[in-house]
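The values are calculated or read from the model by the stated rules, or taken from the named source; none is laboratory data. Quantities reported herein were computed from a predicted structural model and do not represent experimental measurements. Here the Cβ positions follow ideal geometry from the backbone for every residue, glycine too, while neighbour counts run over all protein chains shown. Calculation scope for accessible area: heavy atoms of the full protein, side chains included, ligands and nucleic acids excluded. Shrake-Rupley method; radii C 1.70, N 1.55, O 1.52, S 1.80 Å.
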Amino acid sequence: MGWIRTAALTVLSISFFTFVALFGRLPIFRKTPIGFLHRAVWIHIPHAFRRIDAILFGGKLLYCWNRTGKYLMRENHPLVLIFFLILLVTSQVAFVPAAWPRLGIPHRVCVVVAVILPYLFLYGAVTTKSFITPQNIRTELARYPYDRVLFHPGKQCSTCHLPKPARSKHCSICNACVSRHDHHCVWLTNCVGRENYHYFLGLLLSMSVMLIYGAYLGYILFDDTLQKSLSPNGPRWSRGRSWSSYLHFWTLVVTNDLRLGFVFLLAILTSPLALGFLAYHIYLLWAGATTNETSKWSDWREDVADGLVYKARRSEIYPNHKPRDENIEPPTSWPGKADQVLILTDEPPRVGFAISTRSNHIMQSEDPNAPIDPRWHRVNNMREVDNIYDLGFWRNMRDALKLPV
Ligand SMILES: [Zn+2]
Ligand SMILES: [Zn+2]
């Protein structure tokens, strides 16, 4: 019982802290214990550590820590990928041969599929790059229109010296601009972007299915052992038992078969993490945003809450449609459109103000007594803001899978 509790607590704590570290910054957790814990882990504890280190060691510990942290988080090394692969291969090698003789043909077929799929998706997600190059920049510029809310035309990446297409982002770890940038994944040593997002989704889905299926198989095998040893020809072994007796026999049977038992527990304890990632990406597909864009949207949400965002109809502000510079903004076939102009200003825009073409900031009118421009109204809720990259769940999904929308 001792090792089982230690192993369970270790896996559970690692899963929990990974969840907090990755998702704790999301606005939805801001005022919850997960948000507080995230700030404690990323801000308060490092701050306290810095002070103690400065007093005791003159900052030397921090220097080593930073070097290691920078290597682990900011450089493209395969340590996490190797760790993940070792865990995956070891668990499968421990589980499958032990379970195989006790499984029927249908389960054997499912096991083969469940074991192989994560490797195929992992291979695709790791080796497929979504980089923007001088060769594909024309196609990339025409992929999505600039919404002039999150992405503005005419900007250049100062490292790649290429225009920045809408929805792209420069990744300093991959040292490239990435198309439809979602996030840089230390697991994959690669950015998740336009070309490999479908493999990434496949990996999350296949990992979730494999873990849940592994936990289910572990359950039926151990339950079968209990049935055969406690009530071979009689009723269900668990019938009429108290909870403590039920748990007692489960603990006995799980600790009696270390190989199956360990993988069974690992599958139960890590499946919420895989499901959490999957659920988050399904939410992103529902919202029509990438992980990168959610942080930009949350900035807008804060500005809306502060009353700084004003909106008008584009057709009213620019009644004479100016032809666009096709070198900067080539025509796109993306169907999402919005008749909106958003601006950021701390007082209602007055007649005669100017809008910056590179951002949403405005230059107020030179005449402070000019009348307030009636075409604008203050945005009170994010629902009033259109996201042109959101075409609805199924079409967002088709776009993520690289199918025509
Ligand atoms: Zn770049
Ligand atoms: Zn990257």
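List the DSSP H helices in the chain whose Cα atoms stretch 18 Å or more along the helix axis and whose mean Kyte-Doolittle hydropathy is at least -1.0.
Long hydrophobic helices here: 2-23, 60-74, 79-99, 105-127, 197-230, 243-256, 258-287.
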>> I need the shape label for the range 1-75. Rule: rounded when a/c is under 1.5, else prolate if a/b > b/c, else oblate, with a, b, c from the alpha carbon gyration tensor.
In response: oblate
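At 222 nm, what helix-only mean residue ellipticity would the chain give, in deg cm²/dmol to the nearest 500, using -39500 (n - 2.57) for each DSSP H run of four or more? Walk me through the intermediate numbers first.
Numbers: 13 runs with 211 residues, N = 405.
After summing the helix terms and dividing by residue count, I get -17500 deg cm²/dmol.
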>> Given the options Asn369, Thr332, Leu344, identify the residue whose Cα lies farthest towards the positive end of the charge dipole of the range 315-405 (+1 on Cβ of Lys, Arg; -1 on Cβ of Asp, Glu).
In response: Thr332
> Under a Cβ-Cβ cut-off of 14 Å, what is the net charge of the residues other than Tyr63 that fall near it, where Lys and Arg count +1 and Asp and Glu count -1?
Replying inline: +3
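For the ranges 330-338, 186-194, 271-279, 348-356, what's the packing order if you count other beta-carbon atoms within 10 Å of each residue, average per peptide, and put the highest first? Mind showing how you got there, number by number?
Numbers: 330-338: 13.6, 186-194: 23.1, 271-279: 17.8, 348-356: 15.4.
Top of the packing list down: 186-194, 271-279, 348-356, 330-338.
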> What is the mean projected area of the alpha carbon convex hull for the chain, to one decimal in square nanometres?
Replying inline: 27.9 nm²
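How much net charge surrounds Asp53 when only the other residues with a Cβ under 15 Å from the Cβ of Asp53 are counted, with Lys and Arg +1 and Asp and Glu -1? Please list the in-between numbers first.
Values: positive: Arg50, Arg51, Lys60, Arg67; negative: none.
Neighbour charge sum, excluding Asp53 itself: +4.
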> What's the local net charge at Glu195, with K and R +1, D and E -1, over the other residues with C-beta under 10 Å away?
Replying inline: +4
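I need the shape label for the range 120-170. Rule: rounded when a/c is under 1.5, else prolate if a/b > b/c, else oblate, with a, b, c from the alpha carbon gyration tensor. Present the calculation step by step, with values, prior to reporting the outcome.
On the way: a/c = 2.28, a/b = 1.76, b/c = 1.29.
Prolate shape, in that a/c is at least 1.5 and a/b is the bigger ratio.
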> What do you reckon, how do Phe16, Phe23 stack up by accessible area (1.4 Å probe), largest on top?
Replying inline: Phe16, Phe23
